[in-house]
C-alpha cells in the first residue's frame, strides 16, 4: 500500500495520526537543520517536515537531496503547523516524517510545474505528460469529465440511450474530406472514419430506438484552422416523432441543466432569432448577445448626400461603441488600420463622435449635417459619449467585417465576460449556400436536412430563399450545437440528392442504405450535435479548446509528443496493397 | 406534436383521456366492421380499435389498408378493453381512434419484426435498422447502455476521471496488426488507430491524473475469428500508487456492483487462482467454475502398467462426468469422435464407467485392475454413476483438449447456467510466452508489464518461469478483463525491450516518448481493461457479442448494410500520395 491518504485530505482533526503519503516533490526548502518538502498529487499539496531532532539522520540526508518532481513515499505523524497557511486546504497541518522512500527520481523538467509555467506551447505539447501535472490543465480535464457525466446522466434520465456507432464506415465525397483506412482483407478498398454518425443515428431512428445520444469522436481531414482538431468530440443526439419545437425544448433543458449543475448559473428561457435577423442585427449567425452594439443599417440615412462611397454601397451599417468618444484620434486611426488588415478586409471606416454636449464630429463632416448624424445615433442606439463606427460595401462582406469589429471592440471593452452566459437559438437557416468554387449550391447543414414545409417547390425558382428546419445553439458568440429536422421521405431525399448534383448512381452508391431504409417505415425525426470540446471550454470560461483535450494535435495535425503521423514498414504497405507515390 | 404518450404508457387510470400516439403497425386484424391495430414503439405496444359505429368512414377505410411497419399517428380515446391481456403492460386498455394519419408507408419487410424472426443472420445484418426494431435486439442495446452508465457512475464516484485519448496515433509493430490512416498533409506518413490506449493511460499516470478510465473503441486488423470484431469497446482503467492488491479490490468492487445493479445478484468475494493452478485444474487460463469436473492428473495412477499410450504421455489427465455412466456405448463413441475432430485434435479417449454397484468398466480393462480404476475415481472425484474421461499426450495440448471436452459436456449437461455468475481472478501469469513462428519469447500481456519483484534476473536463465504482476478477471469461462502492474522504471523498461528483441533504435522510435516520460518522475502504476462487448453479453446471459453491437461487422470485417469497405476516388488516393497495387 502506497498511501493511507491523498495529499488533499489531511486536516487538523487528523493530528497525531500516523499516515503514509505518496506523490511528487513540488519544492523543497532546506535550512540545514530542517527540511520542508511540498508533496503534490492530483488532490492537493501536503507539507512534509524533516528536522535534525525528530527525524532520522538517514531521512534528513535523503530529504536534502530530493529534486523537483522526484516521486516519494513518506510515513510520519500529522502535526499542527506553527505558521498556518489559510490558502491551502491542508494548510493547518504538516507531516513530521519518520520514513522516506524514493520511488522514482526525476530529471529537471524542461519547464516549471506551476500554475503559470515558463514553458511555451511547443514545449508543453512535447512533454504533455508534465504539462498535465500543472493544476490548470489537470482541472480542465476533470472539468471536462464532469460535463460529460452531467450530459450523460441528464440524457439517460430523459430516456435517451447511448448507442455506439461504428468508426470504420464508408467514405462519402460530400462535405469535408474523410480520413480513410485501407482494408488489408479487401484489396483496393477503404473504410472511412466518420465525420459524424449522421446516417447511423438516422438509421437508429428508422430502427425505432426513439431517443439516441452518443459522446463520440469524429474526424475531418481538413487544413486546420487555429483551434481546430482533426479528431474532435461530439455530443450527438437524435429523436423520433419530434418537431423542431420538441428538439429545441429538450436541448434547451440540457443546456440549462449544465449551466446550473456545472456553473451554478440559472438562465432564462433562451431567446430565438432567425438566421436572417441574426445576420441583420449582428452580421453573424452566431452572435454574442452578452452585450449590445447591435447593427444599425444606415442606407436611408446616408445615401441622400454626395458621399459616393456610401451611395455606391449595397449596405451602409454602423455600431455604437459605448464610451468610444474617449478614444484619441490616434486610437481611432489604429482601429481603422485594424479593419483594413487583410484578415478583415474593409476598405476603410467612417466614424462619428457623439460628444457629451450632444454635438457630433465625424470623418465625413463635409457631407453630412448634425441632423444626419443625430439620425445615425438614433438608428445605432448611440448615446452621448459613444463613437459610431460605420462600414460600407457588399452586404455579405461588410456584415462580416463589422461583426469582427464588434467582437474586437467588445473584447477590448471587457464586455465578453467569461462568467456570464447568454445562450441563443438561431433558427430558420437557409437550406442551401452558394459555393464560389464549384459555382453551385451546397447543403448548408447536410443533404439530409428537411426544407420548411411547402418550400420544396421554391428550390427550382429561388433556391437561395429556401429555409430549412435547421437550428444552431449559440453560446457567448460560439456555435456550440447545430441540428435539423431530417427528411424522412424517400422521394424528397431523392429529389434533394438530385438537386445537390448527385447522379442517381452516386446517390445509390453512397447513401443507398439510407434510401432503402426510408422505404421501410421511417418515422419523422431530427436531432442536434454539440461540439463537446468547445462547449467544455466555454463553460470553463475559456476560448481555446486545446487545453481541454488531454493529448491535442498541433496545427499541422501532428502529435508532437508521440511524433505521429510517421512512416510505416514496407511490410505493412505491402499487406495493404499500397505504394506511396512521392512527388 | 406527434404524441402525448408513448405506446407503453397508458393504463386503466387513463380511461376516458384523449391521447395522440405514434408508432409502427405491428399487425392488423380486420373483421370488416371492426379493425384492430397493434401500434408499436420502443416502449411497448398499444392496441388501437376502429369500428363502423364509432370511427369515421374515412378512418375505417384507411385502417383497412394499413400494412405492416407503416408509420402512423392516431388521436383517440382511451377505453377499457373487453378482453384484457394480462401479458401486456397496456393490456387493460385500447384506443378508440378518431383520427388517423399515415406518416410513412412501408414495403413489406424482408423478415418478420418479431421476437423470433424468420430472418437469417445475413439478411438481419443487411437490414440491421429493421432488426433493431425487434425487441430482443432493442433490449440488448438498452441493456448495454445501462451497463455502461453503471460503470461510469461507479468509477466516477470512486474519483476516476474519464479522459479521452487520441484515436489518430502511431503504428507499432509489436502485438496485433494496426489499422493505419494515411496522412494527406505528411506525404508517406500514417497514423494508426489504437489497439488500446495503453501508452496514453500510462502517460496520464506520469501526468499525475491518479485514477483514469475510459470507455473507448479499440481497433485490431486481425483475421477475424468467430465473434471477434475489428473494432471493439474497452473499459480501460489505470491507477497510480497502487499494488496489484489495490487493483483487484477496486475492480472486484466494480464487478460486484454491476452484478448487483444490473442482474440483482450478490456474489461473495472472488476466488483467486494462479495461472499455473488454473492450467492444472482446468487446462485453461479462464476456467468456468460454475461447475466442477476438475482435472485429475493420473500419471502416477496409470503409468505403472503395460499401457504404452499412457506410459509414453507427458500427461495423463481425466475428468469425472456427473451421471455420465448413463451414456450408451454409442454416445460414448460419438464423444470419442468429438475429441478426435481436427478442432480438438485428440488422438483418442479412454473412458471408465463407474457403475452404481461400485464396479468399474473401462475401455482399457485389460491393462488396469479395479483398484487402479478406484484410484482414478478418487483422483478425479468420480462418484458411482459417473463416467471418467481420460486424455493423454503433451501437457500443453492435452490440457486444451480436455478443457474443450469439459466445456462441451457441461453445456450438454446444462451446467453452464446463464443466470448464474462465477467470477474468478486468475493471477501470476507468466511474463513471456513462446512464439512458435518467430521462435522467440513474446510478452504475454504487453511489453510494459512488470515482472514479479526479484524475477528480472530469471529472464536470462529461465525466461519461461518468470511470473508477472498480471491478472485476468474471468466470468463464467470468459476473460472479461485483464491487466497488470506496469514497469515504471526506465532502466527496467529498456532491458525489457532489449529482451523482447527491440534494438535500442526501434525502442526509441516506437516508445521513446514513454521512456522519456519515465525519466521525469513516473509513479508506480497499474491497470486493467475490460472487454465491454463481452462483459455486456455475459451479464445479459448470452455468449454472442454481435447482438449487443448496434452495427456489427461480419467475419470478413465488412459492414454489409452500408457496404464498407469500398473503393475510393482516384482524387482521394492522389491527395493521399497513394497508389493501389493490385496483385
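None of the figures in this text is laboratory data; all of them are computed from the coordinates on show. In this text, all values refer to a predicted model and were calculated from it rather than measured experimentally. Please note: Cβ atoms are built from the backbone with ideal geometry, for glycine as well, and neighbour counts cover all protein chains shown.
Couple of notes before you dig in:
- Peptide B:238-250 has a mean of 2 when you count, residue by residue, the C-beta atoms of other protein chains within 10 Å of its C-beta.
- Rg/Rh (Cα only; Kirkwood hydrodynamic radius) as it applies to the stretch A:125-209: 1.11
- Rounded Å value of the spacing that divides the Cα centres of the stretch A:51-69 and the stretch A:224-301: 57 Å
- Model label points for residue A:478 and residue B:111, set 7 angstrom from Cα along the Cα-to-Cβ axis, are 4.5 nm apart.
- Contour minus Cα-Cα distance for residue B:408 and residue B:272 (0.36 nm per residue): 46.5 nm
- Residues residue A:452 and residue A:505, FRET efficiency given R0 of 35 Å [Cβ-Cβ distance, rounded to 0.05]: 0.75
- Helix axis angle, A:395-412 relative to chain A longest principal axis, alpha carbon, degrees: 30 degrees
- Taken as Cα centroids, the stretch A:386-463 and the stretch A:305-355 sit 21 Å apart, rounded to the nearest whole angstrom.
- Label 7 Å beyond Cα on the Cβ vector: residue B:13 copy-to-copy distances, nm: 4.3
- Pairs of C-alpha atoms in the stretch A:358-446 farther apart than 23 Å represent 50 percent of all such pairs.
- The Cα-based radius of gyration of the protein assembly as shown, divided by its Kirkwood radius, gives an Rg/Rh of 1.02.
- Copy-to-copy label separations for residue A:491, where each label sits 7 Å from Cα toward Cβ, in nm and ascending: 8.0
- Placing one equal scatterer on every Cα of the stretch A:532-583 and applying the Debye formula, the log10 ratio I(q)/I(0) at q = 0.20, 0.22, 0.30 Å⁻¹ is -0.78, -0.85, -1.07.
- Geometric extent, Cα atoms of the stretch A:1-41 - Rg, Dmax (angstrom): 11.7, 31
- Label point distance in nm, residue A:416-residue B:51, each placed 7 Å from Cα along Cα→Cβ: 6.7 nm
- The rule of thumb for compact globular proteins, 2.2 N^0.38 Å, goes into the C-alpha radius of gyration of the stretch B:12-104 0.97 times.
- Using alpha-carbon coordinates, inclination of helix A:490-499 to the longest axis of chain A, degrees: 80 degrees
- When the P(r) of the stretch B:483-527 is calculated, the portion above 16 Å amounts to 36% of the C-alpha pairs.
- The smallest convex shape that holds all Cα atoms of the stretch A:421-580, its convex hull, gives 200 Å³ per residue.
- Relative contact order [Cα under 8 Å, 6+ residues apart], the stretch A:12-104, whole percent: 34 percent
- Degrees, to the nearest 10: A:244-263 long Cα axis against longest axis of chain A: 30 degrees
- Sequence-separation-based contact order of chain B, relative, with Cα cut under 8 Å and 6+ spacing, percent: 13 percent
- Listed by Cβ neighbour count within 10 Å, with the fewest neighbours leading, B:218, A:237 appear as B:218, A:237.
- Hull volume per residue, based on the alpha-carbon atoms of the stretch A:216-364 and their convex hull, is 222 Å³.
- Distant alpha-carbon pairs in the stretch A:275-354 (separation over 19 angstrom), percent: 49 percent
- The ratio of the alpha-carbon radius of gyration of the stretch A:221-307 to the globular-protein estimate 2.2 N^0.38 Å is 1.59.
- For A:523-531, mean number of other protein chain Cβ atoms within 10 Å: 2
- Applying 0.36 nm per residue to the separation of residue B:498 and residue B:304 and subtracting their alpha-carbon distance, the gain on full extension is 65.2 nm.
- Residues of the stretch B:559-573 with an amide N closer than 18 Å to a point placed 7 Å from the Cα of residue A:185 along the Cα-to-Cβ direction: B:559-567.
- Backbone N within the stretch B:379-408 under 11 Å of label point (7 Å from residue B:331 Cα along the Cβ vector): B:387
- The relative contact order of the stretch A:291-412, computed from alpha carbon pairs under 8 Å that lie at least 6 residues apart in sequence, is 37 percent.
- Two-decimal Rg to Rh for the stretch A:386-505 - Kirkwood Rh, Cα set: 1.08
- Each copy carries a label point for residue B:173 at 7 Å from Cα along the beta-carbon vector; from one copy to the others these points are 3.8 nm apart, nearest first.
- A straight line joining the Cα centroids of the stretch A:1-16 and the stretch A:99-170 runs 25 Å.
- A viscosity of 1.567 mPa s and a temperature of 4 °C, combined with the Kirkwood radius over Cα pairs in Stokes-Einstein, give a translational diffusion coefficient for the stretch A:291-412 of 92 µm²/s.
- If you take the alpha carbon atoms of chain B and fit the smallest convex hull around them, that volume is 235 Å³ per residue.
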